[in-house]
1. For the stretch 53-70, how many residues are outside any helix (DSSP H, G or I) and out of contact with any Asp or Glu (no Cβ under 9 Å at 6 or more places or on another chain)?
2. For residue 83, only one of the following conditions fails: (1) within 17 Å of the chain's Cα centre (by Cα); (2) surrounded by 13 or more Cβ atoms within 10 Å (Cβ to Cβ); (3) farther than 21 Å from residue 116 by Cβ. What is its number?
3. Which is without any contact (Cβ under 8 Å) to a residue 60 or more places away in the chain and farther than 30 Å from residue 87 by Cα, of 10, 43?
4. Against the condition of a type in the set (D, E, K, R) and surrounded by fewer than 18 Cβ atoms within 10 Å (Cβ to Cβ), how does residue 61 come out, does it pass?
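The values are calculated or read from the model by the stated rules, or taken from the named source; none is laboratory data. Keep in mind that what you see is a predicted model, and the values were worked out from it rather than measured. All Cβ positions, even for glycine, are placed from backbone atoms using ideal geometry, and neighbour counts span all protein chains on display.
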Amino acid sequence: MPRAPKVCSHKDCTELVHGDTRCPQHKTHRWGKGDPRTTDPRHKAWRKTVLDRDHWRCQIRYPGCIGEATIADHILAVKLGGAEHDIQNGQAACRPCSDKKSSDEGHKAAGHTVRPREQDPTPHPQRPNSRP
């Protein structure tokens with residue numbers, strides 16, 4: 001026996017739906033295929049080169065740094081004129097440091113005052129001191 005229709009789960013919608021939770025108007029779209037810039041083969045090669053060069057260790061080292069880098073960060077953001085595929089404009093970053101750096105850049109762009117963050121002066125274990 002077929003099930004009774006249910007009301008669309010979108011707020012304030014009274015449309016009845018069969019076999020789903022939302023009506024066609026409120027059905028959410030599936031995730032896309034990612035940012036075309038980061039799915040580009042040149043970007044993937046740049047990312048791997050930067051992370052390999054830095055031994056997959058975070059180079060930003062803000063307080064709360066977890067050490068293990070999974071992100072290739074542009075030192076100077078591409079939107080601010082940084083070279084997109086130049087490995088000299090890249091550094092390995094862990095998620096917390098990358099998020100803090102991106103947040104600071106966004107606040108600066110919006111004209112807010114951003115206090116400088118202190119870097120952890122101690123090198124990460126098992127990482128050669130690659131910075132002067």
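1. 7
2. Of everything listed in (1) within 17 Å of the chain's Cα centre (by Cα); (2) surrounded by 13 or more Cβ atoms within 10 Å (Cβ to Cβ); (3) farther than 21 Å from residue 116 by Cβ, residue 83 misses just condition (1).
3. 10
4. no
Residues are listed down the side, and each one gets a yes or a no for (1) touching a Phe, Trp or Tyr at 6+ places or on another chain (Cβ under 7 Å); (2) at pLDDT below 85; (3) polar (S, T, N, Q); (4) part of a loop (DSSP other than H, G, I, E, B):
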{"residue": "27", "(1), (2), (3), (4)": "no, yes, no, yes"}
{"residue": "36", "(1), (2), (3), (4)": "no, yes, no, yes"}
{"residue": "51", "(1), (2), (3), (4)": "no, no, no, no"}
{"residue": "76", "(1), (2), (3), (4)": "no, no, no, yes"}
{"residue": "102", "(1), (2), (3), (4)": "no, no, yes, no"}
{"residue": "111", "(1), (2), (3), (4)": "no, yes, no, yes"}
{"residue": "124", "(1), (2), (3), (4)": "no, yes, no, yes"}
{"residue": "131", "(1), (2), (3), (4)": "no, yes, no, yes"}
